[in-house]
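Quick note: the coordinates plus some simple rules give every number you see, no bench work behind them. Model, not experiment: these values are computed from the prediction. Glycine also receives a Cβ, built like all others from the backbone with ideal geometry; neighbour counts cover every protein chain displayed.
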Amino acid sequence: MVSQSPDIKAGPESPVRAPSSVPVDDAVLPFEVDALDVRGRLTRLGPALDDILTKHDYPAPVGKLLGEAIVLTTLLGSALKFEGRFILQAQTDGPVSFLVVDLKAPDRLRAYARYDASRLGETKDSGTLLGRGHLAMTIDQGSDMSRYQGLVALDGGSLEDAAHEYFLRSEQIPTQVRLAVGEEWRSSDGGKHRWRAGGLLMQFLPKAPERARQADLHPGDAPEGTTPHTVAEDDAWVEARSLIGTVEDVELIDPDLSGERLLYRLFHERGVRVFNPQNLKAECSCSRDAVAAMLKSFTPDDRAAMVKDDKVVVTCEFCSSVYQFTPHEAGVENA
């Protein structure tokens, strides 16, 4: 499906229609604005996010942080054009010492965070929760293909900051990212709180590569007094960045505002084209057979040490599913 704002002249392959008013949750909506040479993706998450976060009953600040990581993963991983995995993983010295989000293309999401409850205190800021460490983004194309991994340092900033730093240093594509996570409450649901999230990723991709030039990165050892390299930003990118800067968090997570209407609000003067949404779902890849195979990879002594009350119990960190095995089924010798 293709959509443009009604005030744009459409070619034979670009039918024009009004933006849909029907909100679509758990989906990534690709879009482009030809007049500004930008392309992007808009994520809206509802039931899938709520399912992932409520399985672990995370404290609100931890749930919000993991929600942001999930949104960022969908914005980046939905660009995969093959069956594989996009894995976002952070390891830090902060109260949230580890988090991982796994998107198995095209639509299966799972995520997990490890945190120290005694260090949370009143901390709500995502940068403080993460602390210092690194963020890894891995593209796994399968056992017969090599992995690609990008790393970016976490230095007390947010995941948005880390994403911007990654694109600046690794991709060198002018990129803007917005992430928002919150809880929805409706009296019609009996007072239950539900997690929601939204995000935007927008990139400047002009046909002439020189228009997308960015300033050289600081070499770190330049002589004192060296004039920093500067490049004037393209007017189209300045305008696009200004428009996306007006988006409020509540708009990104509003359950009654469709993604198409939000994009139309932003770009109606320039014209925006949307493409078929990519649906998402919360679904873990664990299984009894997979866990049994994992147990076989341990040494006999390690397997023997797992036996408690004459059984081996394994809990999936992602979805909290519990798998029980007899010692014999787990491959424990002399069971």
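Close amide H pairs (under 5 Å, H built 1.01 Å from N) link Ser20 with no residue at least 5 positions away or on another chain. With 0.36 nm allotted per residue and the present C-alpha distance subtracted, the Lys296-His193 stretch has 33.0 nm of extension available.
Taking 0.36 nm per residue of separation and subtracting the current Cα-Cα distance, fully stretching the chain between Gln149 and Ala136 would add 4.0 nm. Beyond 25 Å in Cα-Cα separation lie the following of the pairs Lys64/Lys296; Lys81/Lys281; Lys64/Lys192: Lys64/Lys296. Couplings for the stretch 35-52, taken from phi via the Karplus curve 6.51 cos²θ - 1.76 cosθ + 1.60 with θ = phi - 60°, read 5, 10, 6, 10, 10, x, 9, 10, 10, 10, 10, x, x, 5, 5, 4, 4, 5 Hz in order; Gly and Pro are left as x. Calculated mean residue ellipticity, 222 nm, the chain: -6500 deg cm²/dmol, from DSSP H runs (n ≥ 4) at -39500 (n - 2.57) each, averaged per residue and rounded to 500. For Asp161 and Glu183, a Förster radius of 35 Å and the Cβ-Cβ distance give a FRET efficiency of 0.90, rounded to the nearest 0.05. Using θ = phi - 60° in the Karplus curve 6.51 cos²θ - 1.76 cosθ + 1.60, the 3J(HN,Hα) couplings for the stretch 81-91 round to 10, 9, 7, x, 10, 10, 10, 10, 9, 10, 10 Hz; x is entered for Gly and Pro.
Each residue, Thr54 and Ser20, gets one label point 7 Å from its Cα in the Cβ direction; the gap between the two is 2.5 nm. Would you indicate which of (1) 165; (2) 150; (3) 195 is the value of volume of the Cα convex hull per residue in Å³ derived from the coordinates of this structure? Checking each listed value against the structure points to (3).
In this calculation the C-beta distance from Arg211 to Ala305 is compared with R0 = 51 Å, giving a FRET efficiency of 0.25. Spatially, the stretch 39-103 and the stretch 257-335 are offset by 13 Å when compared through their Cα centroids. Here's how it looks for Glu184: its modeled amide H is under 5 Å from those of Arg194, Trp195, Arg196, which are all 5 or more places away or on a different chain.
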